[in-house]
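The values are calculated or read from the model by the stated rules, or taken from the named source; none is laboratory data. The model shown is predicted, which means the values in this text are computed figures rather than measured ones. Cβ coordinates were reconstructed from backbone atoms using ideal geometry, including for glycine residues, and neighbour counts include every protein chain displayed.
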Amino acid sequence: MKQLILIITFLSIIPVTGEKAMQVHLNDSTVTHMVAGIDSVTFHAISDSLTGLEMNIHKGDTNVNYVNSEIDSITFYDVKDTFDVYFLAGQSNAVGRANAADITPASLKNPQTDVLLYYHKSPGGTQTMLPADQFINLAPGSANGAGAPTYPKEFGPEVNLGRTLADGNPTRKILIVKYAYGGTTLFDNWSASGGVYKTFISTANSALTKLTERGDAYILKGFAWVQGEADANVQPNTYQTNLVNLIKRVRTDVFSGIDAPFVLSRLSDNQYPTGMGAGQITVRAAQTAVPGLLPKVKYVNTDDNSLYTVRSDKIHFDAKGQLNLGKALAQALISLN
């Protein structure tokens, strides 16, 4: 096969006057790469007639490929700020049902000015504490989901997820993108054709587009998944296969094919004080097994009843439980980056 090779060295075509980003505008999406993290870009022929070209972006040990026919244009721009972006998704414990009034330390009750949050409301959500679909300082109040909340202001793992990520990466700017929906299943709602998954992808794309429109750039750092209770009650036997497929699909649809860190919260003994049923045992076993099947996947063990405490409904984490869950998810993501 003939090959036409062009290697672009960024120092030769871009004045190094500050941070630069390269945007690859595809047929149905836009992907941003920080120039500082790119070693080189290679174009090569993928057909004997030289009519097809493939672009390879070389970033350390990682290669990101784009077929020429998918690329509308490539642009470079000056960067105002660069954000490490993490995604949070799942069902009601990802949405959050914890009482913000019970948060300790009290400083986490206030907006965190060094961490941004972008979230989309669950359908029918009654939450009015925080504005949705825009960048805001991370704070409690994005939870409440569909139906009336139990408490005036509720929150999920995002509060301490963001705090722990920021503390663990003090030189980086952090953005949490959150979309979750209580009671949803992996086998249906979060499947490739599921409406909830499609809304999550739309939310992710919207956040990243708005970020670049204001002159910022981003590095996609990881995904946190808090879900499993619904499938355990309805269709547990396919959970392992469906979870593997979700991870692969998210890595394709959001991370452009890179094996990005993926962490998940395993079903907790504390949610089932009288013992897990067959469905819960099956889903939990799947959550335990999947990290051994794919690279850069970890689960968080939430069985410690001194840390992962639950509300009286025995299914949703309370304030202490959510804060510790967010911290553990962040620590797992940091360990995989």
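Quick notes on this one:
- Scanning region 157-185 for residues that are farther than 23 Å from Tyr239 by Cβ, hydrophobic (A, V, I, L, M, F, W, C) and crowded, with 24+ Cβ neighbours inside 10 Å turns up Val159, Leu161, Leu165, Ile174, Leu175, Ile176, Val177.
- Scanning region 254-281 for residues that are under 17 Å from the mean Cα position of the chain (by Cα) and part of a loop (DSSP other than H, G, I, E, B) yields Val254, Phe255, Ser256, Gly257, Ile258, Asp259, Ala260, Pro261, Arg266.
- Of everything in region 142-158 that is more than 19 Å from Phe200 (Cα to Cα) and touching a strand residue (DSSP E or B) at 6+ places or on another chain (Cβ under 8 Å), the residue that is modelled with the lowest pLDDT is Thr150.
- Of all residues in region 287-314, those that are hydrophobic (A, V, I, L, M, F, W, C) and either touching a strand residue (DSSP E or B) at 6+ places or on another chain (Cβ under 6 Å) or surrounded by 15 or more Cβ atoms within 10 Å (Cβ to Cβ) (or both) total 5.
- Helices (runs of 4 or more DSSP H) contained entirely in region 144-252, each with at least 1 residues that are within 18 Å of Leu329 (Cβ to Cβ) and over 17 Å from the mean Cα position of the chain (by Cα): 158-168, 229-234
- Answer residue from region 282-337, given it is basic (Lys, Arg) and part of a loop (DSSP other than H, G, I, E, B) and is farthest from Asn242 (Cα to Cα) among those: Arg311
- The listed residues are Ser268, Ser306, and the only one of them that is in contact with a Ser or Thr (Cβ under 7 Å, 6 or more places away or on another chain), under 27 Å from Ile103 (Cβ atoms) and outside the structural domain of Leu26 (by TED's automatic domain parsing) turns out to be Ser268.
- Subset of region 30-51 [within 22 Å of Asp216 (Cα to Cα) and at pLDDT below 70]: Met34, Val35, Ala36, Gly37
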